[in-house]
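Undergrad: Handing you this structure, nothing more for now.
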Ligand code: FAD
Ligand code: SF4
């Protein structure tokens, strides 16, 4: 298990006492939560510039005062990588932002990423004591982003200290947040870590999925560079299971393997017309735009830039796809979602931003057929109108068809974003792994060890499509589990 004793030790430092006495809790709670400055919606719906602009120093210093430095900080329980939240926030309050950034890096490999895309409202901020006092939670995510950005922009980036090399080589399959988080913790503990990535870019979904206007690639690259400086080696364009087999990895001398190959296999609805030209998965659409510049004039592999674009689904992937389509010139960019807005899995902020950018929401609608023109290109979709019934296994109210209520809408591009399945190559080629009926790898919940003793697994390949921070938490847990196995 991850050692959390140090969290308590660090809470006895004298400067924290001074801060506590500098302002009464009542005064701290009375400070209103900061608002994130944003680009104007009209401008940004035609631009790839980052939408959220980040806090100023003055805003961050004031927001940091809102944190009550709770003796038993519940916010840390909501953070899968166990960032010492009060310590980093109080470092901001005393204007030691570099120290705040160092605190973040003690447990998080990707603070600038998490400060941008982590669903804080469901994680740390949902546990903040302010909620029990009828006050909005401390803006932990905004402050995290602020500290990481401030350090990066200051030009003096701290590299986390690493133990002396212990001569044990470890391989990581996949360079998404799970793989990167694992690599960071193993490098800190003195292991030689090599990350194998199938694509030509490091970062997994952070690069090929989440668009620049939410998470600029340059920011991901800085956090990857820190790992390089910690000694982590990256090998791209290498598909484990094809270019290198499991047996090859063992023959190369790796004594531990962490599988973090994600869930990038798109699901489809299998309805009539889904094979028409102009109907594609969100994975294909976003990867081609984000990694291959398929929207640019000079590209060899252009993607069709639709004017009437329907995106099917209500998650982050759907929001990213529809907002991308809008930026690429869609006059009508529509979300088609079979439940109501309340059940949408996308982050509240993404839905708000999408609405401000003119996205049309066809909630309680479900596609049942696409029809095409004489060239086999999609031109219309038939939508079944839905209503909400009783809650299903997920606890959300189940969408039920309204008999006979359908609607036909003109479209020239349909992007299907209804979920993903695990990448099958590693589960199929590492003989001896225990695989679930969904294709995920089954692991020991405490250590993330698989049925192959030297192989651990985490992130979306174990959970199915989940979140960045859950994948990172798995990376840390697997690193702790593997290190313990070397000790035992
Ligand atoms: P991935 O990020 O998928 O990384 C897996 C990596 O493994 C990939 O780079 C892949 O190329 C590589 N790989 C696969 N097979 C092999 C192989 N055989 N050999 C070598 N390499 C291999 N989550 C949030 O928390 N907030 C968000 O705002 C958010 N937005 C999202 C938007 C989109 C468009 C998508 C698709 C997902 C989003 N998510 C979001 C979910 C989140 O990105 C994922 O849960 C997370 O990236 C999973 O991390 P991972 O490391 O397990 O896998
Ligand atoms: Fe600060 Fe909220 Fe955490 Fe308490 S729960 S330490 S107020 S962030």
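Undergrad: Filter the range 72-82 down to residues that are part of a loop (DSSP other than H, G, I, E, B) and either touching a residue at least 60 places away in the same chain (Cβ under 8 Å) or buried (at least 23 other Cβ atoms within 10 Å of the Cβ) (or both), then give me how many there are. Let's see the steps before the verdict.
TA: From the range 72-82, those part of a loop (DSSP other than H, G, I, E, B) are 72-73, 78-82; that's our starting set.
From what's left, either touching a residue at least 60 places away in the same chain (Cβ under 8 Å) or buried (at least 23 other Cβ atoms within 10 Å of the Cβ) (or both): 73, 79-82.
Counting residues in the range 72-82 that are part of a loop (DSSP other than H, G, I, E, B) and either touching a residue at least 60 places away in the same chain (Cβ under 8 Å) or buried (at least 23 other Cβ atoms within 10 Å of the Cβ) (or both) gives 5.
Undergrad: For the range 392-418, which positions are in a loop (DSSP other than H, G, I, E, B) and farther than 22 Å from residue 376 by Cα?
TA: Result: 392, 393, 394, 395, 396, 418.
Undergrad: When you go through 232, 222 one by one, which is the residue that is more than 14 Å from ligand 1 (Cβ to nearest atom), outside the structural domain of residue 47 (by TED's automatic domain parsing) and under 15 Å from residue 174 (Cβ atoms)? Quick ask: steps written out before the conclusion?
TA: On the way: 222 fails: under 15 Å from residue 174 (Cβ atoms).
Only one candidate passes the filter, namely 232.
Undergrad: Same structure again: Return a yes/no flag: does the range 66-79 have any residue that is within 16 Å of ligand 1 (Cβ to nearest atom) and touching a helix residue (DSSP H, G or I) at 6+ places or on another chain (Cβ under 6 Å).
TA: First pass over the range 66-79, keeping only residues within 16 Å of ligand 1 (Cβ to nearest atom): 78-79.
Imposing the further condition that a residue be touching a helix residue (DSSP H, G or I) at 6+ places or on another chain (Cβ under 6 Å) reduces the set to 78-79.
Checking the range 66-79: at least one residue is within 16 Å of ligand 1 (Cβ to nearest atom) and touching a helix residue (DSSP H, G or I) at 6+ places or on another chain (Cβ under 6 Å).
Undergrad: Answer yes or no as to whether residue 146 is modelled with pLDDT of 95 or more, out of contact with any strand residue (DSSP E or B) (no Cβ under 8 Å at 6 or more places or on another chain), outside the structural domain of residue 240 (by TED's automatic domain parsing) and within 16 Å of ligand 2 (Cβ to nearest atom). Before you say what the answer is, go through the steps one by one.
TA: Details: modelled with pLDDT of 95 or more: yes; out of contact with any strand residue (DSSP E or B) (no Cβ under 8 Å at 6 or more places or on another chain): yes; outside the structural domain of residue 240 (by TED's automatic domain parsing): yes; within 16 Å of ligand 2 (Cβ to nearest atom): yes.
Considered against the rule, which asks whether it is modelled with pLDDT of 95 or more, out of contact with any strand residue (DSSP E or B) (no Cβ under 8 Å at 6 or more places or on another chain), outside the structural domain of residue 240 (by TED's automatic domain parsing) and within 16 Å of ligand 2 (Cβ to nearest atom), residue 146 comes out as yes.
Undergrad: Then there's this: Condition first: assigned to a loop (DSSP other than H, G, I, E, B) and more than 16 Å from residue 153 (Cβ to Cβ). Now tell me which residues in the range 39-66 satisfy that.
TA: Step one: filter the range 39-66 for residues assigned to a loop (DSSP other than H, G, I, E, B), giving 39-40, 45-51, 53-56, 66.
The answer is 39, 40, 45, 46, 47, 48, 49, 51, 66.
Undergrad: Taking into account only those residues within the range 393-428 that are surrounded by fewer than 15 Cβ atoms within 10 Å (Cβ to Cβ) and on the phi > 0 side of the Ramachandran plot, which is modelled with the lowest pLDDT?
TA: Per the stated criteria, the residue is 395.
Undergrad: Of the numbered conditions (1) assigned to a loop (DSSP other than H, G, I, E, B); (2) touching a helix residue (DSSP H, G or I) at 6+ places or on another chain (Cβ under 8 Å); (3) under 27 Å from residue 39 (Cβ atoms); (4) more than 16 Å from ligand 1 (Cβ to nearest atom), residue 346 satisfies every one except a single condition; which is it?
TA: (4)
Undergrad: If you don't mind, there's one more thing I want to ask. Tell me whether the range 312-330 contains one or more residues that are more than 16 Å from ligand 1 (Cβ to nearest atom) and not in a loop (DSSP other than H, G, I, E, B).
TA: Within the range 312-330, the subset more than 16 Å from ligand 1 (Cβ to nearest atom) is 329-330.
Now narrow it down to the ones that are not in a loop (DSSP other than H, G, I, E, B): none.
Checked the range 312-330: no residue is more than 16 Å from ligand 1 (Cβ to nearest atom) and not in a loop (DSSP other than H, G, I, E, B).
Undergrad: Name every residue in the range 287-315 that is buried (at least 23 other Cβ atoms within 10 Å of the Cβ), at pLDDT 95 or above and on the phi < 0 side of the Ramachandran plot, in order of residue number.
TA: Within the range 287-315, 309, 310, 311, 312, 314 meet the criteria.
The values are calculated or read from the model by the stated rules, or taken from the named source; none is laboratory data. None of the values given here were measured: they were computed from a predicted structure. Virtual Cβ from ideal backbone geometry, glycine too; neighbours counted across all protein chains shown.
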